[in-house]
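One structure is given below, encoded as structure tokens.
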Amino acid sequence: MNDGYHLDNAGILKMFQGHSKWITIVWFALMAVAVTVMIVSAVQFFRVESVRAMIAWATGFTVCFVMEAFIEFCF
């Protein structure tokens, strides 16, 4: 008798089963890339000196933020 929470029944493991397993892996990879680029863009935004570079890094952050929001909305 085991009344505890079973990891086998967790939703995260069920996402990696069946024919859509590769789609889940691609979505997680895209999310990881988007979050990484967002963090790099945020750090670089505060390190640059010129306004043009700030606009470029802010644009990169915004594009990745929108991409991450779209991924979360669709997934």
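Which ones in segment 41-58 are open to solvent by 70 Å² or more (accessible area, probe 1.4 Å) and not in a loop (DSSP other than H, G, I, E, B)? Correct list: F46, R47, V51, R52, I55, W57.
Filter segment 59-75 down to the residues that are part of a helix (DSSP H, G or I) and not aliphatic (A, V, I, L, M) and list them by number. Result: T59, G60, F61, T62, C64, F65, E68, F70, E72, F73, C74. Among the conditions (1) modelled with pLDDT of 95 or more; (2) loosely packed, with under 12 Cβ neighbours inside 10 Å, the only one that N2 does not satisfy is (1).
The values are calculated or read from the model by the stated rules, or taken from the named source; none is laboratory data. Model, not experiment: these values are computed from the prediction. Cβ: placed from backbone, ideal geometry, glycine included. Neighbour counts: every protein chain shown. Keep in mind that these areas ignore ligands, DNA and RNA; they rest on the heavy atoms of the full protein, side chains included. Shrake-Rupley method; radii C 1.70, N 1.55, O 1.52, S 1.80 Å.
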